[in-house]
Each structure stands twice: as structure tokens, then as C-alpha cells.
Amino acid sequence: MRPLVYCGLFAVWGALAAAMPQQEVDRRPTISVETELVMLPVTVVDNHGVFVPGLTRAQFTVYDNGDPQAIQFFTSEETPATVGLVIDSSSSMRGHRDRVTAAATAFASFSHPLDELFTVNFNEVVWLGLPPPAAFAENVHQLHAALARAPAQGMTALYDAVVGALDHLQLGSRDRKILVIVSDGGDNASLQTLDKALEQARRAAVVIYAVILFDRDDRDAKPDVLKKLSRETGGDAYTPARAEDVTAAFTQIAREIRSGYTIGFSPPDVPYDGFRSVRVVAAAGDHRQLVVRTRAGYYAGRLGRGAR
């Protein structure tokens, strides 16, 4: 029987982190809004995958369950985020660990200087990479050490790791919440389910990116799982074919996090609880076809309060 340490460890780490003295941080570049708005992190690319900056509020249209909504908050300013690197440390990742560590360290170097970064490692158990009581890395060197010390062995509890990382994200002070998952998508050891992980990600308004590393003949790999998590939350999935492509994928993710828009709208008053779909459209004004990525929707009513 595998040790059931997931819930206990995260509860202890959460308590330790909550008890830490709060350091003074420059909070000017935040995007907090004191009204009941649905906040959407939005990425816009052209049909070549190139980011499209410089769009205005008037060029966007937001649809809630198919109905257009008035945009009440809009910014294209670069804002810091709370970012978790969720790293598969099971035996299937044994041949990828060194390049993943190097690429994730490069990601941290390219990130916003006020980002809050942490790591979650997992095989059949889940653990934070940073030593307690540190909730977030103080510098790139500390993050590199956290990434490098995890061995690649054992089975895979991907869904447990996602749920644990989502819990830890709530300790962050940044309005934007991001997870970057490195795995092959397989899971053979979780107590949680994919549906539970996806529901919690939707409620937490988290954007998930995936770097998918797997061998084509590995029947246990499930890249579609990671593609679904990223698609449903407004992120993206990368499948590097070569070793050098791993760093390129991380760099692209870091650039995207720093290059997006944030849109807020007031949700309609509906008499029921449940998930409502969201779609965002952008018009370039020069006949270019633009692709807009954002989360699939939000929870309305009592069940959605505090999770928009």
C-alpha cells in the first residue's frame, strides 16, 4: 500500500506558510477589482501563433452562454502572477529530468520579477520542492535547487498533484494564477480524479499550461489529458520533439504569461447554480484571423461565489 501523505503534508505546509511573516511587496501592478466581475485572462495570437499586442477594449466581444456582455474591466498591462511548476518525477520521466530542470530554470529567469514561484513534484506521492516553511522561491537559484533534487522513480499521481498545486496557489498574493505541468499525462496512482482536478481548476480561475514529454510507444502516456486541462482553462499544450524544444516551450509559456490581456464583465443574474460557458472574440481590424484563448467558463450562483 502506498503512503497516504498527500493531504497531510499539504495541510502542514499550508499552515506553515500562513504563519510566515508577510514580506512587504510592491502591489502596484495588480488587477484586483472590488466588484462582482468575472475576470478572464486572455491570450490573442494570429494564425501563425504569433502574439497580437496593442488591441483595445473595443476590439473584443465577450459572450456568456452565447449572449454578448458589456466589458467593464480591461487591461493589457503586464502583471505578476503566482505560478506553480508541477513536475512529474515518476520513472517515466527518468530520461527527461536534466533538460526539464534547465528549461524550468530558464522559465523562472524570463518570468516577471514579481512573480511568486513554487514547485510541486510527484510520483505516487506529492510533495513541495521548496523546503518548509518557504511557500515561494526567493530567487532562481533556490528554485533550481528545488527542481534538481527530485529523483525520477515510482508510479504517477498526476491528478493528486494538480489538486495539491491548486490548493497551494491559494497561498499566493497575485491575482493571476498559473500552473505549468510537465508530464506524459498518464496516471496510475491518484486518489483524485481528472474530473475533480478540472472542476477545481475551473473554480479557481487558474490557467494551465502543459509541456508534454512522452515516448510514442508508451501506452500509459495520455497527452490528451494535459491538452484538455490546458484547453479548458485557457492555456496551451506543447509537445517538444527535441531536447532543445523543451526550453523553447518554457520560454514561449513565460512570454505568453507576460503578453496577455485581462477582461472583466458583470455576470448576468441567473436563478440557478452551475457552470456557464464563456467565449471571447477579437477583431484585428485588418482582416487578420485572430485566435483567442481564455478559460471555458465560470460557476454562477451560490456555487460560484468567490471562484469567478
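Bear in mind that the values in this text are calculations on the coordinates, not laboratory data. Fair warning: this is a prediction, and the values are worked out from it, not measured in the lab. Don't worry about glycine lacking a Cβ; one is built from the backbone with ideal geometry, like all the others, and counts go over all protein chains shown.
Fewest Cβ neighbours within 10 Å first, please rank LEU143, LEU191 accordingly.
Going from least to most buried by this count: LEU191, LEU143.
With charges only on Cβ, +1 for K and R and -1 for D and E, what is the dipole size of the stretch 80-257 about its Cα centre, in debye, rounded to 20?
200
Subtract the Cα-Cα distance of PHE74 and GLN200 from 0.36 nm times their separation in residues, and report this length gain in nm to one decimal.
42.8 nm
Could you give the length gained on full extension between GLU232 and ASP286, defined as 0.36 nm per residue of separation minus the Cα-Cα distance, in nm?
Difference between extended and current length: 16.6 nm.
Which residue fluctuates most in the GNM of the chain (Cα springs below 10 Å): SER277, SER90, SER76?
Looking only at SER277, SER90, SER76, the largest GNM fluctuation is found for SER277.
Percent relative contact order of the chain, based on C-alpha pairs within less than 8 angstrom and at least six residues apart?
It rounds to 28 percent for the chain.
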